[in-house]
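**Student:** Would you mind keeping the following structure in view while I ask a few things?
The values are calculated or read from the model by the stated rules, or taken from the named source; none is laboratory data. Since the model is a prediction, treat every value here as computed from it, not as a measurement. Every residue, glycine among them, receives a Cβ derived from its backbone with ideal geometry; neighbour counts consider all protein chains shown.
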């Protein structure tokens, strides 16, 4: 099955769906939702090339795309992105985790907390596939929310140390280049591009 990003011609239903997914107050997703409301991002979907147009806009519908194929595509895309750019990171927000969750002590995935929320991340360049796999496995929760961001050295250091400031979260949102939101019964993704 060949999949690719496909631009959506009609953005209104996609914007409504995206804003519904980004509703967690006090999180990076809430800050991103403000950008989605006030900027004009490019929105695309990750689906098989032959997907019927009417299906493209049914974001709750499942059975359209293999989650395994979509995840592999996303991993390759993020690896290529991070390894071709300086000072960028991939962040996956875990809307269900809390900083006190026991599984965080045993995960090999890098993570940080901010305002009692948990985020998993990988930093480029020179990221290895295993690190990105660990990031996605640790944080693949419903709804799936992830971001490709430019990151300043001081914020990156705080991320690596495990706790960032609310101001850092604001700066990460302002420097988000792309966001990925789970769609189509969480089998694949919508991509929001701010560049």
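**Student:** Would you mind finding the one in 44, 10 that is in a strand (DSSP E or B) and in contact (Cβ under 8 Å) with a residue 24 or more places away in the chain?
**Tutor:** Criteria check complete, one pass: 44.
**Student:** Go through the stretch 133-151 and give me each residue that's in a loop (DSSP other than H, G, I, E, B) and modelled with pLDDT under 95. It would help to see each step written out before you state the result.
**Tutor:** Narrowing the stretch 133-151 to residues in a loop (DSSP other than H, G, I, E, B): 140-144, 151.
Listed by number, the residues that qualify are 140, 141, 142, 143, 144.
**Student:** Tell me which residues, restricted to the stretch 145-157, are surrounded by fewer than 22 Cβ atoms within 10 Å (Cβ to Cβ) and out of contact with any strand residue (DSSP E or B) (no Cβ under 7 Å at 6 or more places or on another chain).
**Tutor:** Selection gives 152, 153, 154, 157.
**Student:** So which residues in the stretch 165-195 are in contact with a strand residue (DSSP E or B) (Cβ under 7 Å, 6 or more places away or on another chain), in contact (Cβ under 8 Å) with a residue 60 or more places away in the chain and more than 28 Å from residue 9 (Cβ to Cβ)?
**Tutor:** 169, 172
**Student:** When you go through (1) more than 23 Å from residue 45 (Cα to Cα); (2) in contact with a helix residue (DSSP H, G or I) (Cβ under 9 Å, 6 or more places away or on another chain) one by one for residue 121, which number turns out not to apply?
**Tutor:** Result: residue 121 fails condition (1) only.
**Student:** Specify the residue that is farthest from residue 74 (Cα to Cα); the eligible residues are those in the stretch 31-42 that are at pLDDT 90 or above and surrounded by fewer than 16 Cβ atoms within 10 Å (Cβ to Cβ).
**Tutor:** Within the stretch 31-42, the match that is farthest from residue 74 (Cα to Cα) is 34.
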